[in-house]
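Read through the structure below, which is laid out as structure tokens, and then see the notes.
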Amino acid sequence: MTGTTPPGATSEQAASRWVRDMFGRVAGRYDLLNHLLSFNLDKRWRSRAVDRVAPILTRPGARALDLCCGTGDVLLALEARRRAPVFGSDFCHPMLVEASHKIARRGLSSPLFESDALALPLADASMDLVTAAFGFRNLANYEKGLEELLRVLKPGGVAAILEFSRPTNRIFGAFYGFFSTRVLPWVGGMVSGSRDAYTYLPESIQKFPGAEELASSMRTAGFSRVEFDRMTGGAVALHLGWK
Ligand SMILES: C[S@@+](CC[C@H](N)C(=O)[O-])C[C@H]1O[C@@H](n2cnc3c(N)ncnc32)[C@H](O)[C@@H]1O
């Protein structure tokens, strides 16, 4: 495992910059495209992940962070369960602006902060739960990302990584491959005006480790217990790691 490698990026810094700029360009259309290109399945993926981690929010004084929060859907779903602020962080300012509008529309005041997931401005052992939905794959260094997750989690804390993965069925895999490499860049490019963002999406998914490999990297990084659930025929996986 290394990290994401967008076109033309020859260093971790360049990869990070490319990813941040790209999300900045699509922020205004991000939610619409998510729902459109996933046939609304993205809502179900996030809600299943939130269902799975919700019990952690009932721990007394539980503190939770939604990492790579983007426009804030997981953050808001976590808050609905907890009825107390959940932190959200992202390194892309326009995505945080979208999140802040959504939070304000619901009359909430969730604390958001702009930060790279590889260097969080948080104390060691300060969080009971850290979620990362469709963000982890974009990190420039996955090992560093896992290290940082472990650092900020309290002992007994849980990291929940919801990410695209590999379909397990060959026929579904072939359809998914066609859709993601042919249809998705075309529709995504047209609606967002940024074709490179939606060409990067399937490429980054193909390069991202499969579910078993990610679980094994989480164990190697130091998570004491790791579990994963596949969703939608393996197209998405939720990994949980306990510190
Ligand atoms: C595909 S979006 C997912 C947003 C949201 N979690 C969701 O479920 O829709 C990925 C997000 O991760 C953020 N991101 C990627 N790399 C990051 C990093 N190194 N540090 C912080 N945020 C990062 C991007 O800015 C973007 O908002």
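The figures follow:
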| read-out | value |
| --- | --- |
| Tally, over segment 190-243, of residues that are closer than 23 Å to ALA174 by Cα, surrounded by fewer than 16 Cβ atoms within 10 Å (Cβ to Cβ) and free of Cβ contacts under 8 Å to residues at least 60 places away in the same chain | 4 |
| Counted residues, segment 137-157 - those being within 10 Å of the ligand (Cβ to nearest atom) and either of a type in the set (Asp, Glu) or closer than 16 Å to GLY234 by Cβ (or both) | 2 |
| Those residues of segment 109-139 which are among the hydroxyl-bearing types (Ser, Thr, Tyr) and in contact (Cβ under 8 Å) with a residue 40 or more places away in the chain, in sequence order | SER126, THR131 |
| Top-ranked residue in segment 162-185 [being in a helix (DSSP H, G or I) and either among the acidic types (Asp, Glu) or touching a helix residue (DSSP H, G or I) at 6+ places or on another chain (Cβ under 7 Å) (or both); ranked as farthest from LEU37 (Cα to Cα)] | PHE172 |
| Subset tally (residues that are at pLDDT below 95 and more than 17 Å from SER126 (Cα to Cα)) for segment 43-75 | 2 |
| Top-ranked residue in segment 158-185 [being of a type outside the set (Ser, Thr, Tyr) and touching a Lys or Arg at 6+ places or on another chain (Cβ under 8 Å); ranked as farthest from the ligand (Cβ to nearest atom)] | GLY173 |
| Qualifying residues in segment 84-98 (those that are part of a loop (DSSP other than H, G, I, E, B) and free of Cβ contacts under 8 Å to residues at least 60 places away in the same chain) - the one surrounded by the fewest Cβ atoms within 10 Å (Cβ to Cβ) | ALA84 |
| Segment 40-68 - residue that is within 17 Å of ALA84 (Cα to Cα) and assigned to a loop (DSSP other than H, G, I, E, B) and, of those, farthest from the ligand (Cβ to nearest atom) | PRO60 |
| Tally of residues being of a type in the set (Asp, Glu), out of contact with any helix residue (DSSP H, G or I) (no Cβ under 7 Å at 6 or more places or on another chain) and either closer than 19 Å to GLY157 by Cα or free of Cβ contacts under 8 Å to residues at least 40 places away in the same chain (or both) across segment 28-83 | 2 |
| Boolean, LEU57 is crowded, with 19+ Cβ neighbours inside 10 Å and over 17 Å from the mean Cα position of the chain (by Cα) | yes |
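Residue by residue, here is whether (1) farther than 29 Å from ALA197 by Cα; (2) near the ligand (Cβ under 9 Å from one of its atoms) holds:
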| position | (1), (2) |
| --- | --- |
| ASP90 | no, yes |
| GLY107 | yes, no |
| PRO121 | no, no |
| ASP124 | yes, no |
| GLY135 | no, yes |
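The values are calculated or read from the model by the stated rules, or taken from the named source; none is laboratory data. These figures come from a predicted structure and were not determined experimentally. When we count neighbours, we look across all protein chains shown, and the Cβ atoms used for this are built from the backbone with ideal geometry, even at glycine.
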